[in-house]
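The values are calculated or read from the model by the stated rules, or taken from the named source; none is laboratory data. Values in this document were obtained by computation on a predicted structure and should not be read as measured data. Here the Cβ is made from the backbone with ideal geometry for all residues, glycine too, and neighbour counts use every protein chain on show.
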Amino acid sequence: MTTISNDLFEDDLDLPDPVAQQRYAHLVGLDHVKMRLAKEAELILQPQLLREWSLRTHNTVLPAVDRLAHRPPLIIFAGDVGTGKTTLAETFADAIARRHRIDVRVKRLSLRARGTGAVGEMTRLIGTAFDGVLDEARLAGTTRPTILVIDEADALAQSREASQMHHEDRAGVNALIRGISQIATEAPGVLVVMCTNRIGALDPAIRRRAAAEFDFARPDATQRAAILTSLFEGIPLGPSDLQELVKLTGPDERGYGHTYSDLVDRVLAAVCLTAYPDQPVTANLIAEQIRRCPPTPPFTAQS
């Protein structure tokens, strides 16, 4: 049995968990992603559910079910910084855990798995990490599905077609592909979720193995309205006030609007700290702080 080094992972998240539930609920404006993701992940983590559905509705296991059951257990989240990718990756399984009354473990691979550049080190570390996940999954069986989150995945899975890529990095990508293939054949109930700001930088072989890719764009007007309404619940905002705030947080001559994180982490904090301790929060105060907290520029690193 492989013992997982604590250096290769951040602290595990065991779901269901009230903090994860709250973080997931606060991701407003992503309902379209949440709905599709829930089905994709549920059927990868608990493949027997698809067979049960087929038997219940068709009185047989359809050939399509067998095909779906052999999809690689990999989902990719791609999009700009601050659009909610990592938070969703770490928390979406909380809803699955509650619905099916099961435990789900979320393991988060650390970028320390890249190693220090020594020959063979990255390959060994990635192999060790996947071996440990596989051992845990075998012990848990189907009673406790596992999510393996790989944030900033382009740092580990950069395309091997890049001319400047070091041999050690190429070997690391090969180890990553082997690990995903092992999970697919040896550990039903394990799902790998990769998050990246540079989808074009991922190795094509990694992308071909993904069961699904989800694109995270900056929130549109409807989504910004939902986010602002949620953030400032209890504040008297009329329709015209909300319309003005949505306009202020959208694209203007810059060509880009506020991200989810811009609104949650910067605008909300600025509004509350400006009002505290003597002023009430008003629509004018929110608008003033939005103007003082411009959106962060899009991630423009070459992909």
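Candidates GLY189, GLY179, GLY255: the one that is of a type outside the set (D, E, K, R) and not assigned by TED's automatic domain parsing to the domain that holds LEU109 is GLY255.
Taking the listed residues ARG224, ARG254, the one that is within 21 Å of THR83 (Cβ to Cβ), in contact (Cβ under 8 Å) with a residue 60 or more places away in the chain and of a type in the set (Lys, Arg) is ARG224, with no other qualifying.
Of all residues in region 199-212, count the ones that are surrounded by 23 or more Cβ atoms within 10 Å (Cβ to Cβ) and in a strand (DSSP E or B).
1
For LEU228, state whether it is touching a helix residue (DSSP H, G or I) at 6+ places or on another chain (Cβ under 7 Å), surrounded by 13 or more Cβ atoms within 10 Å (Cβ to Cβ) and not in a loop (DSSP other than H, G, I, E, B). Spelling it out, LEU228 is indeed touching a helix residue (DSSP H, G or I) at 6+ places or on another chain (Cβ under 7 Å), surrounded by 13 or more Cβ atoms within 10 Å (Cβ to Cβ) and not in a loop (DSSP other than H, G, I, E, B). Just one of the listed residues (THR196, THR185) is farther than 30 Å from LYS247 by Cβ and surrounded by fewer than 16 Cβ atoms within 10 Å (Cβ to Cβ), namely THR185. Scanning region 51-106 for residues that are surrounded by 15 or more Cβ atoms within 10 Å (Cβ to Cβ), small (Gly, Ala, Ser) and in a helix (DSSP H, G or I) returns SER54, ALA69, ALA89, ALA93, ALA95, ALA97. Residue pairs whose Cβ atoms lie under 9 Å apart, sitting 6 or more positions apart in sequence or on different chains, and linking a residue in region 234-246 that is farther than 18 Å from LEU263 by Cα to a partner that is polar (S, T, N, Q) and in a loop (DSSP other than H, G, I, E, B), are PRO236/THR282. Among the residues of region 234-253, those that are assigned to a loop (DSSP other than H, G, I, E, B) and surrounded by 11 or more Cβ atoms within 10 Å (Cβ to Cβ) comprise ILE235, LEU237, THR249, GLY250, PRO251, ASP252. Tell me which residues, restricted to region 257-303, are under 20 Å from VAL28 (Cβ atoms) and not in a helix (DSSP H, G or I). Within region 257-303, GLY257, HIS258, THR259, VAL281, CYS293, PRO295, THR296 qualify.
Name the residues in region 257-277 that are farther than 26 Å from LYS85 by Cβ and either modelled with pLDDT under 95 or β-branched (Val, Ile, Thr) (or both), would you? The answer is THR274, and nothing else. Scan region 28-41 for residues that are in contact with a helix residue (DSSP H, G or I) (Cβ under 8 Å, 6 or more places away or on another chain), in a helix (DSSP H, G or I) and modelled with pLDDT under 90 and the total you get is 0.
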